[in-house]
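Single-structure report; data block below.
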Amino acid sequence: MRRLGTLGATRRLALLLALACWAAPVAAGDRDRGRALYEARCVECHDTSVHRRESRKAQTFEAILAEVGRWNANTGGGWTATEIEDVAVYLNWRYYRLPCPESICGPRQASLPRGVAAR
């Protein structure tokens, strides 16, 4: 068996990248940061009723993302794509409980059934 020091630079890099990908946790939206961003900018116009009404536009997690992105653009907010995801993750956790990709919401929330409160 060859020692790591005798492998070529390309092979060492490939090995390190493979190990990093294997060991890295699934990236998930930051719900706490999403809440802070939402409370800093959105609650001035949106109380909780906007998210609980029967005629709400967002019926999927992707629709929540689109709405947050749309309002970010309409208000000239300048949020990054990551910040938009964070706000969408927070809104989904707080109000909607819609299925969400594990890569965005993390494993616990991704499988959270509608109507079940997250803790």
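Other residues lying with their Cβ under 12 Å from the Cβ of Glu67 contribute a combined charge of +2, Lys and Arg counting +1, Asp and Glu -1.
On the beta carbon distance between Ser103 and Asp32, with R0 = 22 Å, the FRET formula returns roughly 0.75. Taking θ as phi - 60° and the Karplus parameters 6.51, -1.76 and 1.60, the scalar couplings of the stretch 60-70 work out to 9, 4, 4, 5, 4, 4, 5, 5, 4, x, 5 Hz in sequence order, x denoting glycine and proline. Between Ala40 and Ala66, residue separation times 0.36 nm minus the direct Cα-Cα distance comes to 7.4 nm.
For the stretch 31-110, relative contact order (Cα pairs under 8 Å, six or more residues apart, normalised by length) works out to 42 percent.
Read-outs: derived from the displayed coordinates by stated rules, not from any lab. Just so it is clear, the structure is predicted and the values come from calculations on it, not from any experiment. All Cβ positions, even for glycine, are placed from backbone atoms using ideal geometry, and neighbour counts span all protein chains on display.
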